[in-house]
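Quick notes on the structure that follows.
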Amino acid sequence: MIKRQTTINRIFKLSGIGLHSGHPVNLEFLPRREQGIVFVLNGVQIPARFDQVADTRLSTLIARDGAAVSTIEHLMAAFYYAGVTNCLVYIDGPEVPILDGSAWEFYQGMWKAGVYEFPEEQIYLKVLKNVEASHGDAWVRIKPLNTLDITMTIEFRQPVGLQRRRVSDVENAFSILNSRTFTMLEEIEAIKKMGLAKGGSLDNAVVVGEDEVLNPQGLRYRKELVNHKILDLIGDLYTSGYRILGKVEAHKTGHHLNNLLLKQLFSDPANYQIY
């Protein structure tokens, strides 16, 4: 269990293409003494915090002083699972690379770099009151609990249908970290008309066809899709700046509701305690 602030033990780099931009992107990870994860683009520092989120269409985008970085959620989930609280991420493009569509390669880079622990604490946020965000039949809520416990439900057309999974804190971390982003075949054209998914392929996303998954190797896990939604949620929750302690229940949630939940949580200091 993480008890104090941490950073990576050495510099490392990763490269790939952006899922939505299709552009090659390079990342350089540097140790950071101050608390928090911060992206640096063209000299502008953008804290990976919920109050810097400027767009939640198909990904989480943070922005500050005219600079913006999108698709940060998988990387943020990797930071959470690696137990890293402080880091500088230098990036030379507008979007974190998608890699294989999961968070596994990010996590591997951090694991190989190692973690250095500082004496400072204040890395946990304990939920004290029930908080909820909803839109239509989609919702996400959090209740007081002394650990992070997540129950996620997704519902799509067949062959996906209704899927539910519960995980507690960092248990089953590999299956969550290694689950890829996904889309329905019929959604791709509309997404591309929005100017997005230019870098998408069967190498970095699961595509659900009319009757089956179109990826030649199929799914990595029977519940890979709901696993990935948990990954997204954990990444979004880590933009709180803390490791959240609470019971999270989510149904058909997405980046917008995840961000709204944090805004609701922080709207009243009586909702939480930092330690």
**Q.** Condition check for PHE174: open to solvent by 10 Å² or more (accessible area, probe 1.4 Å), outside the structural domain of GLN108 (by the TED database) and closer than 30 Å to GLN5 by Cα
**A.** yes
Q: Please go through the range 28-69 and pick out each residue that is open to solvent by less than 30 Å² (accessible area, probe 1.4 Å) and not in a strand (DSSP E or B).
A: ALA48, PHE50, SER59, THR60
Q: Looking at (1) part of a strand (DSSP E or B); (2) under 26 Å from HIS135 (Cα atoms), find the lone condition where GLN273 falls short.
A: (2)
(Q) Looking at LYS263, LYS192, LYS198, can you tell me which residue is surrounded by fewer than 17 Cβ atoms within 10 Å (Cβ to Cβ) and part of a loop (DSSP other than H, G, I, E, B)? (A) LYS198
**Q.** Residue satisfying all of: in the range 166-182; assigned to a strand (DSSP E or B) and at pLDDT 95 or above; nearest to TRP104 (Cα to Cα) among these
**A.** PHE182
Q) Checking GLU224 against (1) surrounded by 14 or more Cβ atoms within 10 Å (Cβ to Cβ); (2) at positive phi, which test does it fail? A) (2)
Q: Could you list, in sequence order, all residues of the range 227-245 that are in a helix (DSSP H, G or I) and either surrounded by fewer than 19 Cβ atoms within 10 Å (Cβ to Cβ) or small (Gly, Ala, Ser) (or both)?
A: GLY235, SER240
**Q.** Contacts under 7 angstrom Cβ, first residue in the range 45-60 being over 17 Å from GLU95 (Cβ atoms) and of a type outside the set (A, V, I, L, M), partner in a strand (DSSP E or B) and modelled with pLDDT of 95 or more, 6 or more apart
**A.** GLN45/VAL38; PRO47/GLY36; PRO47/VAL38
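The values are calculated or read from the model by the stated rules, or taken from the named source; none is laboratory data. For clarity, every value in this text was computed on a predicted model and none was experimentally measured. Heads up, the Cβs are rebuilt from the backbone with ideal geometry, glycines too, and the neighbour counts pull from every protein chain shown. Ligands, DNA and RNA are stripped out before the accessible areas are found, and what is left, the full protein with its side chains, is counted by its heavy atoms. Shrake-Rupley method; radii C 1.70, N 1.55, O 1.52, S 1.80 Å.
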